[in-house]
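The block underneath contains the structure these notes are about, expressed in structure tokens.
The values are calculated or read from the model by the stated rules, or taken from the named source; none is laboratory data. For clarity, every value in this text was computed on a predicted model and none was experimentally measured. Please note: Cβ atoms are built from the backbone with ideal geometry, for glycine as well, and neighbour counts cover all protein chains shown. The area values use the complete protein model at the heavy-atom level, side chains included, leaving out ligands, DNA and RNA. Shrake-Rupley method; radii C 1.70, N 1.55, O 1.52, S 1.80 Å.
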Amino acid sequence: MLTRAFISTALWTLSFCGTRQFHVVNVNKNWTDAQKYCREKFTDLATIESKEEMNALLVGVIGTEGLFWIGLSQNVEQNIWIWSDVSNFSYRYWNTGEPNNPVGDVCVILWNPSTYRWNDLSFYYLHPFICYKPLGGNSCLLCLHC
Ligand SMILES: [Ca+2]
């Protein structure tokens with residue numbers, strides 16, 4: 001079901017029979033700059049709405065050293081978590097004890113030491129990140145070789 005194709009040392013692409021194609025960008029940026037990059041080059045920072053999508057991401061990042069920004073951040077005033085593309089937030093994959101800092105940590109990163117479960121973290125740390133593009137109606141064509 002999953003493929004992982006290395007396009008360059010800085011970028012690889014994950015495809016699966018689902019709604020999104022994820023792109024791991026191995027360039028260190030803060031969350032805001034990562035969001036800007038994803039919106040320019042792809043669609044947005046990664047939205048993860050299901051266990052299947054999370055598993056697709058894990059195939060791409062397991063075994064790597066990095067932590068990876070995803071598109072989740074907190075609206076502090078309303079105390080809610082929102083995806084960068086405003087997709088519905090219901091699926092969650094928080095690490096044990098997270099989110100643990102509702103004041104200073106408003107962005108979410110895949111936390112390598114905890115098998116890439118989610119951790120809220122201040123936006124200014126420089127890390128690689130994951131973008132996505134939506135898959136169209138012929139999405140399964142992309143999966144013939146999965
Ligand atoms: Ca945290």
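Sequence-ordered 3J(HN,Hα) estimates for the stretch 40-50 from the Karplus curve with 6.51, -1.76 and 1.60 and θ = phi - 60° stand at 7, 9, 10, 10, 6, 4, 4, 9, 10, 10, 7 Hz, glycine and proline given as x. How much net charge surrounds Leu67 when only other residues with a Cβ under 14 Å from its Cβ are counted (Lys, Arg +1; Asp, Glu -1)? Residues close to Leu67 contribute a combined charge of -2. Accessible surface calculations at 1.4 Å, restricted to protein heavy atoms, place the stretch 25-146 at 51 Å² per residue. For Phe123, the residues 5 or more places off, or on other chains, whose built amide H falls under 5 Å of its own are Val106, Cys107.
Taking Glu40, Glu77, Glu49 and ordering them by how much accessible surface each has at a 1.4 Å probe, largest first, produces Glu77, Glu40, Glu49. Between the amide H of Lys29 and those of His127, distances stay under 5 Å, these residues lying 5 or more places away or on another chain, with hydrogens modeled in the peptide plane. Sorted largest first by accessible area at a 1.4 angstrom probe radius, with every protein chain in place, the residues Val103, Val61 fall in the order Val103, Val61. You can think of it this way: the chain between Glu40 and Asn100 has 18.5 nm of extra reach, that is 0.36 nm per residue less the Cα-Cα gap. Residue-wise HN-Hα couplings along the stretch 106-120, as the Karplus relation 6.51 cos²θ - 1.76 cosθ + 1.60 with θ = phi - 60° gives them from phi, are 10, 10, 10, 10, 6, 9, 3, x, 10, 6, 6, 5, 7, 9, 7 Hz; Gly and Pro carry x. Taking a straight line from the alpha carbon of Lys41, these aspartates and glutamates sit under 20 Å away, with near neighbours fewer than eight places off in the same chain left out: Asp33, Asp85.
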